[in-house]
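There's a structure below that I have some questions on.
The values are calculated or read from the model by the stated rules, or taken from the named source; none is laboratory data. What you see is a predicted model; the values in this text were computed from it and never measured. Here the Cβ is made from the backbone with ideal geometry for all residues, glycine too, and neighbour counts use every protein chain on show.
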Amino acid sequence: MKIAVGGDHAGYELKDVLIAHLKKQNFEVMDFGTHSKDSTDYPPFAHAVAEAVAHGDADLGLLVCGSGNGVAMTANKHKDIRCAICWEQELAELARAHNNANIAALPARFIAEETALSIVDAFLNTEFEGGRHQRRVEKIPCA
């Protein structure tokens, strides 16, 4: 499975922890940056991850910024992207199982590293349930 990962300066350190965790599990990782703690804007990184997922270059995506909000708002502007802000494991599981989320946004300033890793594991290992949830997901797009 190929995972697209990106984030701004607030998420830089956690992003690198997540990438190392993914590589240990033999996931292929596409790292869209940022690559330092220098202040930067989050939209370019969120757009890059969303485009990779939307175009099928990556199976799923992970985004990290201070609150998770900016990257989620940006990613969700892309067609066929369902990005969920996840600050605990159960939210990641529900986002995948009920909403068929294809990107998780993590709030680096509000969660511990251990929590982030459990969120990522849950997100990547939970399958979409389909069924009654499928018709709801189909009603998400505006056009």
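Does any residue in the stretch 104-132 that is within 18 Å of ILE3 (Cβ to Cβ) come within less than 6 Å, Cβ to Cβ, of a residue that is of a type in the set (Val, Ile, Thr) and part of a helix (DSSP H, G or I) six or more places away or on a different chain, and which pairs are these?
Close Cβ pairs (under 6 Å, with a partner that is of a type in the set (Val, Ile, Thr) and part of a helix (DSSP H, G or I)) amount to ALA105/VAL71; GLU113/VAL17.
If you check ALA46, ALA101, which single one turns out to be over 19 Å from PHE27 (Cα atoms) and either among the hydroxyl-bearing types (Ser, Thr, Tyr) or crowded, with 23+ Cβ neighbours inside 10 Å (or both)?
ALA46
State all residues of the stretch 16-40 that are more than 13 Å from the chain's Cα centre (by Cα), within 18 Å of GLY66 (Cβ to Cβ) and part of a helix (DSSP H, G or I); if no residue qualifies, say none.
Selection gives ASP16, VAL17.
Scan the stretch 66-85 and give yes if some residue there is surrounded by fewer than 17 Cβ atoms within 10 Å (Cβ to Cβ), closer than 20 Å to MET1 by Cα and of a type outside the set (S, T, N, Q), otherwise no.
Checked the stretch 66-85: at least one residue is surrounded by fewer than 17 Cβ atoms within 10 Å (Cβ to Cβ), closer than 20 Å to MET1 by Cα and of a type outside the set (S, T, N, Q).
Specify the residue that is modelled with the lowest pLDDT; the eligible residues are those in the stretch 110-133 that are part of a helix (DSSP H, G or I) and exposed (fewer than 12 other Cβ atoms within 10 Å of the Cβ).
Top of the filtered list is ARG132.
Could you tell me whether the stretch 86-109 includes any residue that is assigned to a loop (DSSP other than H, G, I, E, B), of a type in the set (Asp, Glu) and at pLDDT 95 or above?
Yes, the conditions are met somewhere in the stretch 86-109.
So how many residues does the stretch 50-85 have that are within 22 Å of LEU117 (Cα to Cα), among the β-branched types (Val, Ile, Thr) and assigned to a helix (DSSP H, G or I)?
Number of matching residues: 2.
List pairs: first in the stretch 1-13 and aromatic (Phe, Trp, Tyr), second assigned to a loop (DSSP other than H, G, I, E, B), Cβ under 8 Å, 6+ apart or cross-chain?
TYR12/THR34; TYR12/HIS35; TYR12/SER36; TYR12/LYS37
Next up: Consider PRO43 against the criteria (1) over 11 Å from the mean Cα position of the chain (by Cα); (2) under 22 Å from THR126 (Cβ atoms); (3) not aliphatic (A, V, I, L, M): it satisfies all of them except one. Which criterion is unmet?
Just one mismatch for PRO43, condition (2).
(1) surrounded by 23 or more Cβ atoms within 10 Å (Cβ to Cβ); (2) under 20 Å from ILE111 (Cβ atoms): which one isn't true of HIS21, the others all being true?
For HIS21, the failing item is (1).
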